[in-house]
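Notes to accompany the following structure.
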Amino acid sequence: MLFNLIDQPWLVARPVGGGRVAEYSLRQILMEAENLEDLVVDVPTQKPAILRQLLLPIVLHALDRVPDNRAWARLFHAGAFSPEQRKALNDYLDACRDLFDLFHPTDPFAQVADLHTARDETKGTALLVATEATGNNVPLFACRTEGDPLELTPAQAARWLLHTHCWDTAAIKTGVVGDSQVKAGKTTGNPTGPLGQFGVVMPVGRTLYETILLNLPSGGVQLSDDLPQWLRRSRDGRVEETQSVALPAWQARAAKGLLDLWTWQSRRIRLIPQETPVGIRVTRVIVAAGDRLSQTPDFEPHATWTLDPAGGTRGGRSASSRKTGKPAKQTALLPRRPRRHQPGKAAWRGLDALLATDREDTDATTTTAGFHTSLLLDQLRTRRETMPSDFPLQVELSGIVYGTQSAVVEDILFDAIPLPLTSLGADSLVHAVLLEITSQAEELAQAVNYLSADLRRAAGADPIPWDRGQRPGDMVLHAFDPLVRRLLVGLRAVGEDVDQIERGQLAWEQVAWQRTWEIAEQVFATAPPTTFAGRIDQKKNKEGSQEGKKAIYRMSTAEASFRRRINQILTRAAEARSTLKRPETKADAVPTNVV
């Protein structure tokens with residue numbers, strides 16, 4: 001019973017220019033990468049798992065690290081692997097072929113052979129599938145229960161195996177024989193898979209070949225002890241000495257390098273296949289504790305980072321120097337924390353973090369946090385001069401929202417936005433424009449929220465709490481979503497043309513003005529008649545008597561305040577409307593196809 005991932009079709013991909021989606025073997029995927037548009041996955045979080053656990057480390061280990069941006073540019077413009085590179089990849093796959101068998105009796109891929117519990121217990125394969133019901137992890141409106149058998153084909157089992165190593169839930173895991181850290185038949189304190197610790201940011205190109213290159217960092221030296229998991233499978237010795245992933249035992253440690261990090265084995269797993277009338281199927285599985293990553297390393301290429309205000313900075317002072325009053329001899333970088341994606345927040349609303357491309361930038365102060373973008377987007381900043389300015393770069397954001405001590409999957413997050421290459425330069429005009437537009441969008445949403453709060457006060461009610469229910473500002477951001485995405489696509493073609501960018505900004509502000517007023521009119525329509533007369537809010541002084549400052553809330557003052565706010569936010573549109581000297585009506589807005 002064999003299923004070799006190198007030769008058997010199991011990866012689903014879509015050809016360039018359309019055509020029938022088909023399954024490919026690992027060798028075919030790499031050899032035909034320039035003819036394939038993208039991977040087709042069961043859930044969006046499978047894509048980074050497949051790239052990181054297989055495609056990227058194979059290319060990196062077989063072809064070595066790209067030394068610099070000039071060498072990277074040559075590979076990128078080639079559009080496909082050269083004959084020499086194809087031979088090196090094929091030789092690598094041939095040399096490692098026996099290590100990629102999913103059901104090998106003594107060395108199964110990404111698993112531990114003969115993994116078993118003291119009572120030989122197994123669980124259903126739903127334990128691997130993030131969208132299926134198992135234990136406490138019961139998705140809303142699930143069509144099956146844990147008691148229903150879930151039969152996975154070898155191809156499906158392989159994809160979900162990689163996904164589990166990257167994204168598995170935390171908390172209690174099955175205790176297995178050979179794991180000295182098992183207590184009462186289980187292990188506790190297990191973290192999520194390494195990708196579950198942050199929101200993945202992945203650049204994507206026009207072909208799978210371009211996507212692979214866009215996700216390969218350049219520079220640095222390949223360390224001799226940085227190996228992918230399929231080459232760390234010794235079955236002799238202690239796990240602390242061999243760092244083997246083929247043993248039931250595990251350890252907590254730091255990643256040696258990119259190959260180690262990308263192929264991290266966060267669980268010890270055993271797939272249990274069986275012959276059925278329709279072929280080999282996996283119905284049972286064992287998922288036990290695996291290696292624990294001590295921290296997300298600074299060289300993690302798919303994470304964006306928050307710079308905490310606490311701690312030392314370049315040019316700052318350490319805690320000891322503050323006590324003595326003497327300057328510190330050496331200051332450390334601000335502590336870095338990988339950022340998570342926020343549920344319900346479109347990717348373009350986080351452009352301020354995505355475009356913080358200078359990794360030496362310390363926007364954080366002693367009181368406020370800062371951030372910088374991923375290593376890959378930062379390197380694209382320096383590579384953009386070697387790429388077409390109108391290159392259709394896509395940035396995909398994926399993540400998982402966990403609940404109840406990260407033991408269940410609550411939601412899977414995914415979004416993708418077109419990103420102009422010119423925006424990656426901190427001194428570029430497009431960079432400044434995008435930051436201004438996203439800031440305007442948030443401020444307009446807040447202006448509508450203020451309008452709603454003022455009208456509710458005029459009616460004698462309290463404003464909608466910021467953390468409860470849906471506020472009308474959310475509707476504004478939803479209405480802006482297609483406009484901002486179209487603007488991002490349009491900015492690819494204008495480069496640094498000041499006139500075109502200025503016209504685009506004016507068009508954006510005029511359409512944003514229209515959309516904001518459409519939402520505001522709905523807010524006005526729901527206001528009760530009593531808001532016309534309004535009410536006086538007599539604030540109390542410290543003694544509790546009604547002698548404090550008076551505040552008057554009525555519809556007319558709420559509207560005047562709202563108009564003033566949007567005029568201050570959309571200055572170009574306000575100036576254009578003033579020049580026209582016409583009443584402020586919807587007719588003043590330009591057609592939406594301008595943006």
Worksheet entry | region 554-567 - phi-based ³J(HN,Hα) in whole Hz, Karplus 6.51/-1.76/1.60, Gly and Pro as x | 8, 4, 5, 6, 5, 5, 4, 5, 5, 4, 5, 5, 5, 5
Worksheet item: Nearest 10 degrees, 0 to 90: what angle lies between the long axis of helix 472-494 and the longest principal axis of the chain (Cα atoms)?
Response: 70 degrees
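Explain nothing, just the number: dipole magnitude of region 160-278 about its Cα centre with +1 on each Lys and Arg Cβ and -1 on each Asp and Glu Cβ, in debye rounded to the nearest 20.
Working: 13 positive and 10 negative charges, 66 e Å.
With Lys and Arg at +1 and Asp and Glu at -1, about 320 debye.
Going from most exposed to least, what order do 61, 77, 372 have by accessible area with a 1.4 Å probe?
Details: 61 50, 77 110, 372 0 Å².
Final ranking, largest accessible area leading: 77, 61, 372.
Which shape class applies to region 404-478: rounded if a/c is under 1.5, otherwise prolate when a/b exceeds b/c and oblate if not, where a ≥ b ≥ c are the square roots of the Cα gyration tensor eigenvalues? Working shown, then result.
Values: a/c = 3.55, a/b = 1.33, b/c = 2.66.
It is oblate, given that a/c is not under 1.5 and a/b is not larger than b/c.
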Worksheet item: Leaving out ligands, DNA and RNA but keeping every protein chain, what accessible area does residue 499 have, in Å² rounded to the nearest 10, with a 1.4 Å probe?
Response: 100 Å²
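Summarise the long-distance tail of P(r) for region 444-521 by giving the % of C-alpha pairs beyond 21 Å. If you can, show how the numbers build up before the last one.
Numbers: 1228 of 3003 pairs.
The answer is 41 percent, as a whole percent.
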Practice prompt. Filter the GluC sites (Glu not before Pro) in region 34-137 down to the DSSP loop ones having no more than 16 other Cβ atoms within 10 Å, then list what survives.
Written response: 121
Worksheet item: residue 292's amide H: which non-local residues (gap 5+, or another chain) put their own amide H closer than 5 Å, with H modeled 1.01 Å from N in plane and none for Pro or chain starts?
Response: 251, 252, 253
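Counting alpha carbon pairs within less than 8 Å and at least 6 residues apart, what relative contact order, in whole percent, applies to the chain?
Relative contact order here is 12 percent.
What is the diffusion coefficient of region 28-182 in µm²/s, taking the Kirkwood radius over Cα pairs and the Stokes-Einstein relation at 4 °C with a viscosity of 1.567 mPa s?
Working: Rh = 18.5 Å.
Taking Rh from Cα pairs, D becomes 70 µm²/s.
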Worksheet item: Between region 442-507 and region 46-98, how many Å separate their Cα centres?
Response: 43 Å
Discussion item. Above 21 Å lies some portion of the pair distances; for region 161-298, what is it as a whole percent of all C-alpha pairs?
Written reply: 51 percent
Discussion item. Using the Cα centre of the chain as origin and beta-carbon charges of +1 (Lys, Arg) and -1 (Asp, Glu), tell me which of 212, 426, 45 is placed farthest towards the positive end of the dipole.
Written reply: 426
Item to complete: Towards the positive end of the charge dipole of the chain, with charges on Cβ (+1 Lys, Arg; -1 Asp, Glu), say which of 246, 176, 66 has the farthest Cα.
Response: 176
Worksheet entry | Cα gyration tensor shape for region 1-53, rounded if a/c is under 1.5, else prolate or oblate | oblate
Discussion item. Given the options 524, 506, 466, identify the residue whose Cα lies farthest towards the positive end of the charge dipole of region 462-545 (+1 on Cβ of Lys, Arg; -1 on Cβ of Asp, Glu).
Written reply: 466
Worksheet, complete the sentence: At the level of C-alpha centres, the distance separating region 99-123 and region 269-294, in angstrom, is 7 Å
Worksheet item: What is the dipole size for the chain, taken about its Cα centre, with +1 at each Lys and Arg Cβ and -1 at each Asp and Glu Cβ, in debye to the nearest 20?
Response: 1900 debye
Worksheet item: Just the Cα atoms of region 487-538: what Rg and Dmax do they give in Å?
Response: 19.1, 56
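The values are calculated or read from the model by the stated rules, or taken from the named source; none is laboratory data. Only a predicted model underlies this, so the values are computations on that prediction, with no experimental measurement involved. Cβ sites come from the backbone with ideal geometry, for glycine too, and all protein chains shown count toward neighbours. To get the accessible areas, we keep the full protein, side chains included, count just its heavy atoms, and leave off ligands, DNA and RNA. Shrake-Rupley method; radii C 1.70, N 1.55, O 1.52, S 1.80 Å.
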